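I have placed the structure first, in the form of structure tokens, so that the comments after it can refer back to it.
The values are calculated or read from the model by the stated rules, or taken from the named source; none is laboratory data. Only a predicted model underlies this, so the values are computations on that prediction, with no experimental measurement involved. Cβ coordinates were reconstructed from backbone atoms using ideal geometry, including for glycine residues, and neighbour counts include every protein chain displayed. SASA here: full protein model, heavy atoms, side chains in, ligands and nucleic acids out. Shrake-Rupley method; radii C 1.70, N 1.55, O 1.52, S 1.80 Å.
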Amino acid sequence: MSALTLHYDVPGDDFTRAGEASSDIKNKLKQMGISPDVIRNVAIATYEGEINMVIHANGGTIDAAIDAESITLTIKDTGGGIPDVELAMQEGYTTAQEHIRALGFGAGMGLPNMKKYTDEFNITSEVGKGTEVIMKVYLSK
Amino acid sequence: MKIKDLVKSTGFEVVNEGDFDREVSGVYCCDLLSWVMGRAPADSAWLTVMGNMNAVAVSVLADISVIVFAENSAVDPTAIAKAAEQGVSLLKTNKPAFEAGLLINELLS
């Protein structure tokens, strides 16, 4: 399989379009004949990243690189950054505001889900500069 | 069990007909979207009162088979439009989520 890269710009604060990039990645992986379990893991991790950027960072970018061994997802924003990454990684911890929670988001499961559903997970964040999450999902377990 | 058989057996109202030949193999109840993303098994019937388009997006990405809106909860027109576009089946019932989930579980077992 030759390497394929996909790039998406995610608009901020637009819940009507949230999930479009993740859906498109999912459809492309399906067309490539990648196994449903792998696709589901990628879809969940990507959607959580996409939603996080919509809620917290006024949007950002998603890049997916697919090669013979794995899918690498890079989710990057130039938002406010995360002051305490360790705390943000804890299940149930959230800083989402009430109107976001009313939509069903803000359960404090975004980053933990991204880690849970990927084989490699790395997050770097700087307050005032933004956050970058790089994840890898292996094509065969 | 196929969604069409679930509809016949429960009498749940059809809000949007997606692929009614799709199998349902479990039940999951929750309204927090990330919780559902992380924990709902693929191919499950998802009971919720969260009738917005993000719920539809979650069901697509997490491979949920059908969304069942409990207690006649309101479903946004944008959610129905999104479901029609993506082929997602939406059902509705006046039963609470627990009772509706129990009923589906009995039919599955």
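Odds and ends about this structure:
- Summed buried accessible surface, chains B and A, 1.4 Å probe, nearest 100 Å²: 1900 Å²
- P(r) tail for the stretch A:4-138: Cα pairs beyond 22 Å make up 31% of the total.
- DSSP bridge orientation in the protein assembly as shown - percent antiparallel, rounded to nearest 5: 75 percent
- Under 18 Å of direct C-alpha separation, and excluding same-chain neighbours fewer than eight residues apart, residue A:129 reaches these lysines: A:76.
- Under 11 Å, Cβ to Cβ, from residue A:136 - net charge with Lys/Arg +1 and Asp/Glu -1: -4
- Surface exposure of the stretch A:1-117, expressed per residue as accessible area with a 1.4 Å probe, stands at 46 Å².
- With every protein chain in place, chain B: carbon and sulfur % of accessible area (1.4 Å): 50 percent
- Percent carbon-and-sulfur accessible area, chain A, ignoring ligands, DNA and RNA, probe 1.4 Å: 48 percent
- The residues packed around residue B:56, meaning those with a beta-carbon under 11 Å from its beta-carbon, carry a net charge of -1 if Lys and Arg are +1 and Asp and Glu are -1.
- Residues of the stretch B:42-62 whose accessible area (probe 1.4 Å, heavy atoms of protein chains only) drops by at least 10 Å² once all protein chains are present, relative to their chain alone: B:42, B:50, B:52, B:53, B:54, B:57, B:58, B:60, B:61, B:62.
- Computed magnitude of the charge dipole of the stretch A:21-73 (debye, nearest 20; Cβ of K, R +1, Cβ of D, E -1): 200 debye
- Inter-label distance for residue A:17 and residue B:9, nm, one decimal - labels placed 7 Å from Cα along Cα-to-Cβ: 4.3 nm
- Each Cα pair under 8 Å and six or more residues apart adds its sequence gap; the mean of these over the residue count of chain B is a relative contact order of 31 percent.
- Annotation: aspartates and glutamates with alpha-carbon distance below 14 angstrom to residue B:95 (same-chain offsets under eight excluded): B:13, B:71.
- Pairs from the list A:116/B:8; A:26/B:4; A:136/B:92; A:115/B:82 with a Cα-Cα gap above 32 Å: A:116/B:8; A:136/B:92.
- In chain A, Cα pairs under 8 Å separated by at least six residues give a relative contact order of 27 percent.
- Chain B, helix-only ellipticity at 222 nm - DSSP H runs n ≥ 4, -39,500 (n - 2.57), divided by all residues, nearest 500: -12000 deg cm²/dmol
- Shape category assigned to the protein assembly as shown from the gyration tensor of Cα positions, a/c cut at 1.5: prolate
- Based on C-alpha pairs under 8 angstrom that are at least 6 apart in sequence, the stretch B:1-43 has a relative contact order of 40 percent.
- Considering only chain B, percent of DSSP beta bridges that pair antiparallel, nearest 5: 25 percent
- In the context of the full set of protein chains, residues of chain B present 41 Å² of accessible surface per residue (probe radius 1.4 Å, heavy atoms only).
- Based on the convex hull around the alpha carbon atoms, chain B presents an average projected area of 5.4 nm².
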